[in-house]
1. Consider segment 171-197. How many of its residues are open to solvent by less than 20 Å² (accessible area, probe 1.4 Å) and assigned to a helix (DSSP H, G or I)?
2. Only one residue in Arg60, Arg71 is of a type outside the set (Phe, Trp, Tyr) and surrounded by fewer than 23 Cβ atoms within 10 Å (Cβ to Cβ), so which one is that?
3. Taking the residues in segment 230-262 that are of a type in the set (A, V, I, L, M, F, W, C) and closer than 30 Å to Ala185 by Cβ as candidates, determine which candidate is modelled with the lowest pLDDT.
4. Condition first: open to solvent by less than 40 Å² (accessible area, probe 1.4 Å), touching a helix residue (DSSP H, G or I) at 6+ places or on another chain (Cβ under 6 Å), at pLDDT below 85 and of a type in the set (Ser, Thr, Tyr). Can you find one or more residues in segment 222-229 that meet it?
5. Is it fair to say Asp93 is open to solvent by less than 10 Å² (accessible area, probe 1.4 Å) and either at pLDDT 95 or above or more than 20 Å from Val302 (Cα to Cα) (or both)?
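The values are calculated or read from the model by the stated rules, or taken from the named source; none is laboratory data. Predicted model, so just to flag it, every value in this text is computed and none were measured. Cβ atoms come from the backbone with ideal geometry, glycine included; neighbour counts cover every protein chain shown. Heavy atoms of the whole protein, side chains included, go into the accessibility calculation; ligands, DNA and RNA do not. Shrake-Rupley method; radii C 1.70, N 1.55, O 1.52, S 1.80 Å.
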Amino acid sequence: MSADDPRPAVSVAVPLFNEEATIDELIERVRRTLDERGTSFEIVLVDDGSTDATAERLARAAAADGRVRVRTLSRNFGQAAALCCGIFESRGDVVVTLDGDLQNPPEEIPRLLDALVPGVDVVTARRLARHENAWRLAGSRAVHWMARLLVGIDIEDFGGQFKAYRREVVDATRTAWAPGKPFFALAAWLGFRVVEVPVRHDPRRAGSSRYNLLALVRLNADLITSFTTLPLAALAVLGAVFGALGAIGSIACLVAGGPFGFAEALSLLLLGLGGTFFATAALGVYLARVYRTVAGSPTGYVVRNPER
């Protein structure tokens with residue numbers, strides 16, 4: 001499919017990192033599922049700096065089928081950046097995203113498409129089974145709780161990449177996106193209507209999940225810093241409290257008189273901490289305003305083989 005061909009009905013965007021064991025089967029199952037549905041489609045595969053044979057397999061797939069399009073990033077930028085590259089490179093009226101490890105069964109794509117009825121902008125999958133260990137499941141639930149709180153939509157399963165977006169959602173969200181902003185959370189925060197559908201979730205076929213404890217912590221940090229300045233407000237309140245306690249203590253020490261001692265030192269320390277915290281919070285608020293102004297300018301990734 002060339003750039004001059006008509007827009008396909010569905011684009012399937014898949015970020016990939018070292019998925020040589022599953023990529024051929026993934027492509028075949030997506031192709032078979034959408035062919036059986038009679039839907040025009042393209043498959044946009046983003047190689048996020050793989051070090052195995054993923055690139056070679058992708059090149060063969062693209063050469064064999066014009067509906068398979070490949071984008072190769074210049075290095076490993078992470079799943080969020082690779083996912084957004086796939087979304088932004090897609091041309092379909094609907095963009096379906098899924099992981100490349102076959103935990104999201106391609107045969108479930110029609111469930112998402114069928115749920116895109118008039119009035120629905122985004123469909124997200126609710127995994128009927130979770131194939132994760134205890135700490136990973138606990139971390140995922142923490143992310144889901146934080147996302148529901150900050151984004152303001154009531155869905156059960158906020159995680160995973162198995163979702164379907166209308167074209168207008170992609171176009172509108174792209175203008176507000178910036179590195180560090182989770183795409184789905186941003187689309188929901190912008191007010192697009194989201195519905196959740198139950199889907200099968202299979203065990204990982206090969207390798208291990210890249211979402212370790214550090215990645216989950218980083219994801220929570222991204223959610224907090226992308227959608228709220230609450231930590232800055234909390235720092236300002238803490239600074240005001242410390243400053244007030246320090247001022248009260250200093251006045252009390254002056255009234256009482258006597259030599260400089262522990263109480264005086266503590267009061268001055270509280271005054272200094274209060275002023276520092278409050279000034280830091282105020283600076284952070286101004287920086288947040290600047291960030292919101294320029295958000296969406298950089299892509300956060302580099303494509304090695306852009307389409308001409």
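1. Total satisfying the criteria: 7.
2. Numbers: Arg71 fails: surrounded by fewer than 23 Cβ atoms within 10 Å (Cβ to Cβ).
Criteria check complete, one pass: Arg60.
3. Residues of segment 230-262 that are of a type in the set (A, V, I, L, M, F, W, C), as a first pass: 230, 232-238, 240-242, 244-245, 247-248, 251-256, 260, 262.
Then drop every residue that is not closer than 30 Å to Ala185 by Cβ, which leaves 230, 232-238.
On the way: Leu230: 71, Leu232: 77, Ala233: 76, Ala234: 81, Leu235: 83, Ala236: 84, Val237: 86, Leu238: 88.
Applying the filter and picking the extreme gives Leu230.
4. Residues of segment 222-229 open to solvent by less than 40 Å² (accessible area, probe 1.4 Å): 223, 226-228.
This time we only want the ones that are touching a helix residue (DSSP H, G or I) at 6+ places or on another chain (Cβ under 6 Å), so: 223, 227-228.
With at pLDDT below 85 added as a condition, the list becomes 223, 227-228.
Retained after the next criterion (residues that are of a type in the set (Ser, Thr, Tyr)): 228.
The answer is yes; a qualifying residue exists.
5. Details: open to solvent by less than 10 Å² (accessible area, probe 1.4 Å): no; either at pLDDT 95 or above or more than 20 Å from Val302 (Cα to Cα) (or both): yes.
The answer is no for Asp93.
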